[in-house]
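What follows is a short report on a single structure.
The values are calculated or read from the model by the stated rules, or taken from the named source; none is laboratory data. Everything numeric in this text was worked out from a predicted model, so none of it was measured. Positions of Cβ are generated from backbone atoms using ideal geometry, with glycine treated the same way; all protein chains shown enter the neighbour counts.
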Amino acid sequence: MFGDLMGMMGKLKEAQQKIEATKKQLDHVLIDEQSNDGLLKVTLTANRTIKSIEVDASLLGDKDQLEDYLVLVINKAITRATQINEAELAAVAKEGMPNLPGMDQFR
């Protein structure tokens, strides 16, 4: 039994290392999102760090419209990044989990 426990602990440590490596890789996965008319573009990582914002000059004259565009497009980009982030981390975590009794319901 003790050997099984040590094996499980090793697998958990390995799974944690894979999760950390995946988190670092997600810093390099870029998500591009833009407004329907293409006047505002946002790029962020799958870890939800904004990398760039491009604003068409026509939006610069209307502060309220620009703010609305920013909120809308950034929220869409964050939603996509979160979906990618969660899917990738869940896949790595599931793959690396040892077979623990009673945990089959979570697989």
List the residue pairs whose Cβ atoms are under 9 Å apart, where the first residue sits in region 57-84 and is of a type outside the set (A, V, I, L, M), the second is assigned to a helix (DSSP H, G or I) and at pLDDT 95 or above, and the two are 6 or more positions apart or on different chains. Gln65/Leu59; Tyr69/Leu59
Being of a type in the set (Asp, Glu) and either modelled with pLDDT of 95 or more or surrounded by 15 or more Cβ atoms within 10 Å (Cβ to Cβ) (or both) is the filter here, so list the residues in region 19-61 that pass it. Asp32, Glu33, Asp37, Glu54, Asp56
Conditions (1) crowded, with 16+ Cβ neighbours inside 10 Å; (2) at pLDDT below 95; (3) touching a Leu at 6+ places or on another chain (Cβ under 9 Å): number failed by Leu70: (2)
Mind counting the residues in region 51-95 that are assigned to a helix (DSSP H, G or I) and either within 22 Å of Val29 (Cα to Cα) or among the aliphatic types (A, V, I, L, M) (or both)? 29
Leading residue by the ranking (surrounded by the most Cβ atoms within 10 Å (Cβ to Cβ)) among those in region 80-96 that are aliphatic (A, V, I, L, M) and at pLDDT 85 or above: Ala81
Six or more apart or on different chains, Cβ atoms under 7 Å: show the pairs whose first residue is in region 10-39 and farther than 17 Å from Leu89 by Cβ and whose second is in a loop (DSSP other than H, G, I, E, B) and at pLDDT 95 or above. Leu39/Asp56
